[in-house]
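Reading through the structure tokens given below for one structure.
Read-outs throughout are calculated quantities, based only on the coordinates presented, and are distinct from any laboratory measurement. Quick caveat: nothing in here was measured; it's all calculated off a predicted structure. As a convention, Cβ positions derive from the backbone with ideal geometry for all residues, glycine included, and neighbour counts pool all protein chains shown.
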């Protein structure tokens, strides 16, 4: 294991080799800077985090209680604060990731302004956000290590050898804030070549896991909106292969591909699949089309007719020139999508559902596992679901089936605050609390994420602050509602100058200029008011 002292020794030797021109270089200062910048490139990060994900996937296969989690991010600062909070509360980043949501990029990061989740935003914004997130996570490493280095200097000055030894151990065994990011590439922003090119940019920025969906690029919709259009399997598999080629070209040999199927809620296709023989993938895709069986004389001008298993059939074509699937085929299409994706290079699945229901998810996963025994899911614990209403209705239905008296509840009005303190609401909340663990055990979900959490928390906290600050509370609305809570909860950002890097800047000034350094952290710095 590389230690700070090893690096000091190496740099001391290097300085000696370069003679008097390097006399002004402190080997220990340079070693500290090296420790604060463990990852030199995005590819270093991608290789490191891919190894983490592969290890976690193996551990989940052995024990489904060891599932992983993440929260979505739309800014580097948000991702940084999540990891700082995780380390503060849990003392480790183990099995905690970040998710990069295409929805949030479209809504919050496009130069066009807020956009719906339809792949209309600038595609390089995706790779740009990955790079930004890792820049902030690396800064979190540098900031925390800088605090340990300053504490080590204080312990040396005080002659406290016990503290020195403890701090040296913390430095040498430092756990980085850099964790895997599962990054949303939407439907690839074009054809397979476009998918490959963007995937390369994302991997070079640090992505070890890329999530790709089976919608048509130019008709892409949010997974929780209507009007979704899927592509034939061969089109999707070409894009999966394109992402794998990108990983291999860049030397990230264990990069992770998450194949997402939107077929459960997608009733349309833009293309009739190419098929060469009965039972091939194209034939299976076409078998789900909603068709009318015809006799030769029944054909009309402009009809599209296919020979399906020896019969002439006319797929139902809409005025939009799209074809529709038969109703009720969504789950079967999801299962076929999932199996073929895993058989052709994907590592994990994402099944977009309309509600969080373990029975529904688990039913599909069990069918997939009949063919691929170790199939695993990434699951969107989406804010698009009304979790309260859904789980209250699930409990209501379960109680009804059990013969329990539910006459005091109106199923259609279970969202009402009148039920918030009821026995049913408590039972529903308990099911929400254990949903992730239960779904990991019963439905094959390896990774649980929330796509848009900070979109909603920012809106909620801003609403509360605006109501208080511009109301009667005035400045107390900020002090009591924000700053005092930061102090009481030990939120690092209460010292926002430190969070922005002022202390690290002072360290560097001292390294570079010695006693001549003009530092910002003196007695007149108002951040000292926070202890």
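Any chance you could run the full-extension gain for residue 298 through residue 410? It's 0.36 nm times the residue separation minus the Cα-Cα distance, nm to one decimal. Can you show the working numbers first?
Details: separation 112, 0.36 × 112 = 40.32 nm, distance 5.13 nm.
Length gained, residue 298 through residue 410: 35.2 nm.
Can you compute the FRET efficiency between residue 248 and residue 493 using 1/(1 + (r/R0)^6), with r the Cβ-Cβ distance and R0 = 41 Å? Round to the nearest 0.05.
Computed FRET efficiency for residue 248 and residue 493: 0.50.
Taking N as the number of residues in the chain, what value does Rg over Cα atoms divided by 2.2 N^0.38 Å take?
Dividing the Cα Rg of the chain by 2.2 N^0.38 Å gives 1.16.
Determine the shape class of region 1-130: with a ≥ b ≥ c the square roots of the Cα gyration tensor eigenvalues, call it rounded for a/c under 1.5, and otherwise prolate if a/b is greater than b/c, oblate otherwise.
oblate
Can you tell me how much longer the chain between residue 400 and residue 360 gets when fully stretched, taken as 0.36 nm per residue apart minus their C-alpha distance, in nm with one decimal?
Gain on extension, residue 400 to residue 360, equals 12.5 nm.
Which whole-number percent gives the relative contact order of the chain, counting Cα pairs below 8 Å spaced six or more residues apart?
Details: 830 pairs, mean separation 76.5, N = 531.
14 percent.
Be a star and scan region 372-393 for residues whose amide nitrogen sits under 13 Å from the point 7 Å along the Cα-to-Cβ vector of residue 343.
In region 372-393, the label zone of residue 343 (backbone N under 13 Å from the point 7 Å along Cα→Cβ) covers 372-373.
I want the antiparallel fraction of DSSP beta bridges within the chain, as a percent rounded to 5.
Of the beta bridges lying entirely in the chain, close to 25 percent run antiparallel.
To the nearest 0.05, how large is the calculated FRET efficiency for residue 309 and residue 370 if R₀ is 22 Å and r is the Cβ-Cβ distance?
Plugging the Cβ-Cβ distance into 1/(1 + (r/R0)^6) gives 0.35.
For region 446-460 and region 480-500, compute the distance between their C-alpha centroids and round to whole Å.
Centre-to-centre distance over Cα atoms comes out at 22 Å.
Quote the FRET efficiency, to the nearest 0.05, computed for residue 386 versus residue 465 with a Förster distance R0 of 30 Å and r equal to the Cβ-Cβ distance.
0.70
What ranking do 122-135, 450-463, 12-25, 326-339 get when scored by the average of other Cβ atoms within 10 Å per residue, highest first?
On the way: 122-135: 21.0, 450-463: 15.4, 12-25: 11.1, 326-339: 18.9.
Descending packing order for the listed peptides: 122-135, 326-339, 450-463, 12-25.
Run the helix sum for the chain: -39,500 (n - 2.57) per DSSP H stretch of 4+ residues, divided by residue count, reported at 222 nm to the nearest 500 deg cm²/dmol.
Taking each H run of at least 4 residues, the total per residue is -15000 deg cm²/dmol.
Using 0.36 nm times the number of residues separating residue 515 and residue 151, minus their current alpha carbon distance, what extension gain do you get?
Extending this stretch completely gives an extra 129.1 nm.
I want to check the label-to-label distance for residue 112 and residue 37. Put each point 7 Å from Cα in the C-beta direction and report it in nm to one decimal.
3.7 nm
By the gyration tensor of its Cα atoms, with a ≥ b ≥ c the square roots of the eigenvalues, what is the shape of region 160-199: rounded for a/c under 1.5, prolate for a/b over b/c, or oblate? Let's see the in-between values first.
On the way: a/c = 10.59, a/b = 6.03, b/c = 1.76.
Judged from the Cα gyration tensor, region 160-199 comes out prolate (a/c at least 1.5, a/b above b/c).
What nm distance separates the two modelled labels at residue 320 and residue 483, each placed 7 Å from Cα along Cα→Cβ?
Result for the modelled spin labels: 5.3 nm.
Using only the Cα atoms of region 54-177, build the gyration tensor, take square roots of its eigenvalues as a ≥ b ≥ c, and label the shape rounded, prolate or oblate: rounded if a/c is under 1.5, else prolate if a/b is larger than b/c, else oblate.
oblate
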